[in-house]
Every structure is written in C-alpha cells, then in structure tokens.
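Derivation of every value follows stated rules applied to the coordinates shown; laboratory data play no part. All figures in this text were calculated on a predicted structure; none of them were measured in a lab. Glycine gets a Cβ as well: all are built from the backbone with ideal geometry, and neighbour counts include every protein chain shown.
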Amino acid sequence: MPLKTFRQAINDTLVQEMQRDVRVILIGEDIAGGTGCEGDGDAWGGPLGVTKGLISEFGPDRVLDTPISEAAFMGAAVGAAMNGLRPVVDLMFNDFVSVCFDQVCNQAAKCHYMYGGQNSVPMTIRANTGAGISTAAQHSQSLHPVFSFFPGLKVVVPTSPYEAKGLLTTAIRDDDPVIFLETKLLYDMEEDVPDESYEIPFGEANILREGGDVTIVAVGRMVHVATEASAALARKGIECEIIDPRTTSPLDTETILESVEETGRLVIVDETTPRCNFATDVSAMVAQEGFAFLKAPIRMVTAPHTPIPFAPNLEQLYMPDPAKVSAAVQQVVGYQG
Amino acid sequence: MLPGSKARASRFLLVRIVEVETEKIVNAVEADTAGILVRRVAEEGDTIVVGGLLGVMAERAEIADDSVDVFVAEYQEHFKSVAAEEGTERSAEPVDIEVGGRKMRYLELGSGEKTIDGMGGDLNGWMFNQPALAEHYRVLALDLLAHGGSVKELETGSLEELAAAVLVLLDAVGVDEAHFVGHSLGGAVTVQLAAEAGDRVNSVTLIGSAGAGTPVSRSYIDGFIGANRRKDLKPILKQLFADPELVNRDMINDVLKAKRLDGVEVCWRKIADASIFSVEDLTPEAVLGKLSMPLQIIWGKEDRVATRPEERSMPENVVMHVLDDVGHMPQLEAAGVVNDLIKTLVDGGNS
C-alpha cells in the first residue's frame, strides 16, 4: 500500500470523488492560482497546498476560486447543494466560520428540517483546525465543539491519512452538511493509504489501543498525544484504552460507555478551551449514563480558558501534551475515594 | 518450554517453543525437528532478530556443556554476518500485475522446482505458511479477484471466472504447473482449476474448503458480507476460530479495511451467490471423485463456517485430515501441522 501524507490523502479523495460524480464541485478562496505561481493553471492549492493541481484537472467550472467573501461563497454553496450539486467548500481556517455563521449554522444545518425534508444540503465544509504553528489567536482554534452544538451538522475530526481519506469520502457522499476539520499539525503525517476509494462510517469510534486500567477519549491530534503518553504509562504498568470517536457529531457513546464499564476510569483530552467543549460533553454523558462504572472522578485535559498565544513557547505550554495526559491518568489511577 | 523437555516433531503433536504474537494473531513457534532442549539461549523479555537463536536441541540429553557452548558461539558469529548481509536487502513485497486488463496481486517467496500456489481471503492469510514452505519451494500467494489488492470488479463472480483469472496470472508469471493449496473459497477455486486444467495441477490440498460438496454456513457468509462496523464484525470473525480469543483489534481493523473498499460488498455478494451457494448441493464424490492428482483435505474439527464432511463420504482418492481444537483457519491455528501436511503431499506426489 502506498505511503501518503494527510495532505495527499485529502487531495486524492477530492480527485476521486470529482471523477466519480460530476455533481461534486470545489468552492473557496485561494484554492487555485495564487501568489508566486505562473499562470492560473499552476495552483498554489490553498495556504496549506491541499487543493494543489485540481484546477488543472477539472477546470474553473468545477474548481471555483472566489474572492475573500466567506458569507458569499458559503451561501452560494448552500444554495448549490439545495439545487442538486454536492459542493466541497474550503473555509481555510475554521475560525472564519464567524463571518459565515448564518450560512452554516442557520441555513445549511436547518434547511432539511425546516422544509419538511423536501430538500437536503449535501455539502462538505473543509477547514483546518488547531494550534501549533504560530498562526495566533484568530487562526488556531479548535472549533469542533461549536459545530457539534448544532443539530443538522455532522462533525468529523480525522486523525491520520488513512482515516482522512475514508471519512472525507463518506462526507462527500453524505446527503447532509458535514464539517471536516483537518488538524494543521497532521498535514505532513504519513501512513499507508489504499489507492482505491473506501468509506469509514460516521458515529463509529476507533479503538487505537486496548487496555484495562483507564479509558482515554481524545479527538484529532490529541489521539496521538494520548498514544505517546500511554506508551510511557505502560512501562509503569498502567494500561490505557484509547478511543478516537472520529466524529464528534454523531458521537459513538456506546463504545465510550462500554470501555468505561471495563476500566472504571476516564480521561478526556481535548485541545479546546475548557468550557462547553468536547471533553465536557463526554464527561457529562458518562457521568449521567455510566456513573455506576466510575472508580474515580473523570479528568479533562484541555487548554486553559485564554486566547491562543502567538509566541511559540507559550503556544506549546497552552496545548495538552503527553506529560499533562500522563499526570491526569496517574491521578485517576491513584485516586483513593 | 524447559530445558530437558523432549520435542517430537510429530505431525500431529504441536511442540510449542514460544508464542509469537503478530498484529493479526497469536500463534506458536513449533520445533521443526525432534530432540531434547539442552540449552535455552534466549530469556523471556529478550529481543531476538528473526532467525536468531532461541535454544539448542540435541538428540541426547547427556551432551557435554562445552560442545553446546561451541555451537552457540559459532551460530551467533555466523548469524551476525548473515544478518548484516541481509539487513541491506528489502523484504519481499507483493507485486501488482495487469492480467487481461485487470489488476491482480501476488507475493512470491522462495525458489525451487516445485511451485505451490495458495489462495484465500487475502495473501496475508498465508503469513505462517508461505515463508516456511518457501524454504523448500517457490511459493506464490495470490489475491483472488475482488480480494486483497486485486481488482474489485467482477462479471459474474463464478468459479469459472475466478479460476480463469488465476490461470492468466500463472501464465503471466511463467508458472506452467504447480501444487495448489486452497482455503475456503480458494478451495472451491482450486477444485475448479483441477477439474478444468488438471494437467497444470500437480496436487491439491483443500483446507476448510467450499466447493468440495459440503455446505457453507449461510448465516456466516451473509453476516460477514453485511457487517461494516466493528461491533457487528467481531462476533462473526470469532466464528472462524476454535479459540475466539484469537480475534484481536488489529485483525478486525484489517478485515474492516478490506471490506470498506468501494465495490467489495457487491463483488462478494456476487461470489457468494455464484460460487458458494450454487455449488453446495454437489456431493464430494461428484466434485472430487473424478480428479486424478494426489488430493488431501484438511479440516478443523471445530469449523463453524464450512461444514465438515464425514470421512466416509469422501471418495477413495481423497486423504482427509481432521485437526482437533482447530476451527475454519487451520493454516493459522495449526500452521506447523498444515505446513507439514502440504510438504508431505508435495514431496510424495511429485518426487
């Protein structure tokens, strides 16, 4: 199986889905052409190079490079989706949803419901997410909890190139609006990815490691942080079970509860600020549905309740890391009621 | 295994030296020779390179300690130089080949005059057999159409179509005739090959086979094809083994990865209808009785997928081996015994 980067896996998926279905179009700012390139055919491919080369293959009718106008291109995509196309919108930074919030959260999310199922909105919104490359407070947030808040949106946070390809394929073929969040620090991660297309179903968690002492639920890149911590913890005799929900909405609550039933302990790792986030959501769910399983209080490892620092040293301190996860795990394992 | 234990390399006695845990399955490394363990070189927790020395076996227990010391020192010295030489070579990789306009994948190991061609779910299913047999023969493992790395497109999914593709692949890699080993669906394809191209088939080993005049569990096949989620698939995969604990997370993930590929479900449904359910009314006598090459059937006593035929229902030209405590996957569950049986038939049938 060929080794591909996260970036390449997404690019491949876009190509394959556009070849498979002529209704699939791309729309967004800077997804073609761009600074420093010769001619409009030589795509810069977005600030992170994900859509590179697509305009050459599919032309400007299917790769629509727009001005900086999120409200306009997002609204146009919602309309196009309601009229039979399957747009894949490149929002660039997920933080930019604040300038097209109505189009995403009030229109796309609600149309199917409000029109009594007479139409659907089969669109995928791709956006990068997360801190770690000094893109500062306005371009570094992890907004999966914000999107998960809205019924009618499906929210995907892939953790690897293999996962990204299968989940993006499912997203594009889905008849509802899907938010697909690509963690910036994962773009260069490499993994074996099949050339063929495949779908990974939404709402089914991936268990990356089995262990009987503590359940760690983590999302996006935090899955890798948890995995690194669990290797060190295993040397101390603490076996972690690591669960990647893949989609924060729908959420595979069953797998999480089954695991906590076995381990009796839960740590949740989330890169977002600590209030009303994915960690609090899972924590509340387990406290309500699985209280009898718990041998220790649930611990959440998150960022602090501050904007994200630009300074690299402060940014590193800001994000959850293996040491913080390890400390939380040891705390719940050592808990004496 | 403790020093002084006697290892008998009997065909039906598994002598477990160490357990080997792979990403797919936990299995045992078995003694391939008879003797008495006189020295344990590797200790529990040691990291040993493949091919490294685990221990020393001798014919008699009363061998002098210093001659064991000499042997160990010489082996380690020799092994170091061999390992250094081999370290620069890449391990064998599967090859994708375009045959008749369709992509097929195979893995070739070993060399020699005799060729063994195995088939099954995908070529990784022979991970405990192909390397061991490749010490003696040229061994090809291949992915049938719609399996593993081969193309996920089929016309009808009939045994004729699957078998024809195997022949075209063998032509492409220059194999005129071979000993064939087929498991489950691969067994049905092997029977088809033996019937229509008997001159190219030196011997046949069928393992937990479909298409041998024996019914296959419809609930298993339907469940296996339909299950797309881990929770649905796990109980189904557990039916494959006598010891359901052998099914681990990585095995489930690998099967899910294979099943998710576009086209797989449609293809497997075609194959189930055209190649498995349509041939189960035949009797072993009708299917196997007319074949003229040496023929053996290996079956796990606990097989819950392919119904084990009565030995007395087998025609006279078939030798049947029934393995205790083994399910539908003898080549994984009792790899040493299966390898030994294959080697015996290959050496005896065409020497």
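Normalised by residue number, the volume inside the convex hull of the Cα atoms of chain A is 135 Å³ per residue.
Quick one: in the protein assembly as shown, what % of C-alpha pairs are over 44 Å apart?
35
Just add up the charged neighbours of residue B:229: K/R +1, D/E -1, any other residue whose Cβ is under 11 Å from the Cβ of residue B:229. Let's see the in-between values first.
Details: positive: B:230, B:231, B:234, B:259, B:260; negative: A:204, A:252, A:254, B:232.
Around residue B:229, the surrounding residues sum to +1.
When A:133, A:207, A:68, A:31 are arranged by Cβ crowding within 10 Å, least crowded first, meaning fewest neighbours, the order is A:68, A:133, A:207, A:31.
Mind putting a number on the dipole of the protein assembly as shown about its Cα centre? Charges go on the C-beta only, +1 for Lys and Arg and -1 for Asp and Glu, and I need it in Debye to the nearest 20. All intermediate terms of the calculation are to be shown ahead of the outcome.
Working: 58 positive and 103 negative charges, 317 e Å.
It comes to approximately 1520 debye.
If packing is taken as the average count of other Cβ atoms within 10 Å, what order do A:119-126, A:228-235 fall into, highest mean first?
A:119-126, A:228-235
Given +1 at the Cβ of Lys and Arg, -1 at the Cβ of Asp and Glu and no other charges, the dipole of the stretch A:3-192 around its Cα centre is 500 debye to the nearest 20. Averaged over the residues of peptide A:191-203, the number of Cβ atoms from other protein chains lying within 10 Å of each residue's Cβ is 4. Relative contact order of chain A, taken over Cα pairs closer than 8 Å and 6 or more residues apart, is 15 percent. Shielding value for B:143-153 is 1, the average number of Cβ atoms from other chains within 10 Å of each residue's Cβ.
Helix-only estimate, please: 222 nm mean residue ellipticity of the protein assembly as shown, summing -39500 (n - 2.57) across DSSP H runs of length 4 or more and dividing by its residues, to the nearest 500.
Calculated at 222 nm, the ellipticity per residue is -9500 deg cm²/dmol.
Using the 2.2 N^0.38 Å rule of thumb for compact globular proteins, work out how the stretch B:95-349 stacks up: its C-alpha Rg over that value, please.
Values: Rg = 16.6 Å, N = 255, 2.2 N^0.38 = 18.1 Å.
Rounded to two decimals, the normalised Rg is 0.92.
For a quick protection proxy, order the peptides B:34-42, A:96-104, A:9-17 by their average other-Cβ count within 10 Å, most packed first. Display every interim value, and only then the final one.
Details: B:34-42: 16.7, A:96-104: 18.3, A:9-17: 21.3.
Result, highest mean first: A:9-17, A:96-104, B:34-42.
Taking other C-beta atoms within 10 Å as the exposure proxy, A:281, B:325 rank B:325, A:281 from fewest upward. The peptide list B:217-224, B:328-335, A:22-29, put in order of mean Cβ contacts within 10 Å with the highest first, becomes B:328-335, A:22-29, B:217-224.
How big is the antiparallel share of DSSP beta bridges in the stretch A:139-295, given as a percent to the nearest 5?
On the way: 5 of 16 bridges.
Rounded to the nearest five, the antiparallel share is 30 percent.
Peptide A:204-211 has a mean shielding of 3, counted as Cβ atoms of other protein chains within 10 Å of each residue's Cβ. Taking the Cα atoms of the stretch A:3-192, the ratio Rg/Rh between the radius of gyration and the Kirkwood radius comes to 0.94.
Dipole check for the stretch A:206-333: with +1 at the C-beta of Lys and Arg, -1 at the C-beta of Asp and Glu, and the Cα centre as origin, the magnitude is about 460 Debye.
Between beta-carbons, use under 9 Å as the cut-off and find the net charge around residue B:267, counting Lys and Arg +1, Asp and Glu -1.
Working: positive: B:152, B:269, B:270; negative: B:153, B:265.
Summing Lys/Arg as +1 and Asp/Glu as -1 gives +1.
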